[in-house]
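Read through the structure below, which is laid out as structure tokens, and then see the notes.
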Amino acid sequence: MSRLLFWIILIVVIGFAVRAKLRAAIRKSQLQQQEGWRQQQYQQQGRQAEPASIENMTSCAHCGLHFPASEAVRADGLDYCSPAHVRLPPR
């Protein structure tokens, strides 16, 4: 009796695992189709998909922290991460 119960439970667990895998595959396929549709819309409008903007990085002359160059505080030809570090000596 316990062997029969074991096999029934095993079959049910395998069934749930297979079902979960199939659902995940279907969701992934749908997401890929949506992304393809977006690419087609951009191409039909005569433009390419907009790439993520990349910003130059710089490091603080005092502490060495890397941060976007647009946020730099510049003094004496050096980049600093904050006005407080401008007052401190560079490394």
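Rule-based calculations on the coordinates, nothing more; no lab input. None of these values were measured; they are calculated from a predicted model. Reconstructed Cβ throughout: ideal geometry from the backbone, glycine too, with neighbour counts over all protein chains shown.
Values computed for the structure shown
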| quantity | calculated |
| --- | --- |
| Likely footprinting exposure, LEU5, LEU88, fewest C-beta neighbours within 10 Å first | LEU5, LEU88 |
| Efficiency of FRET from Cβ geometry, LEU88 and GLN33, R₀ 41 Å, rounded to 0.05 | 0.15 |
| In nm, spacing of pseudo-spin labels at MET1 and ASN56 (7 Å Cα→C-beta vector) | 8.0 |
| Cut-off under 5 Å, modelled amide H: who pairs with ALA61 long-range | ASP79, TYR80, CYS81 |
| C-alpha long axis of helix 2-44 to longest principal axis of the chain, angle in ° | 50 |
| Dimensions in Å of the range 1-51 - Rg and Dmax from alpha carbons | 21.1, 68 |
| Three-way shape label, the chain, alpha-carbon gyration tensor, a/c 1.5 | oblate |
| Within the chain: Cβ-based charge dipole about Cα centre, in debye rounded to nearest 20 (Lys, Arg +1; Asp, Glu -1) | 780 |
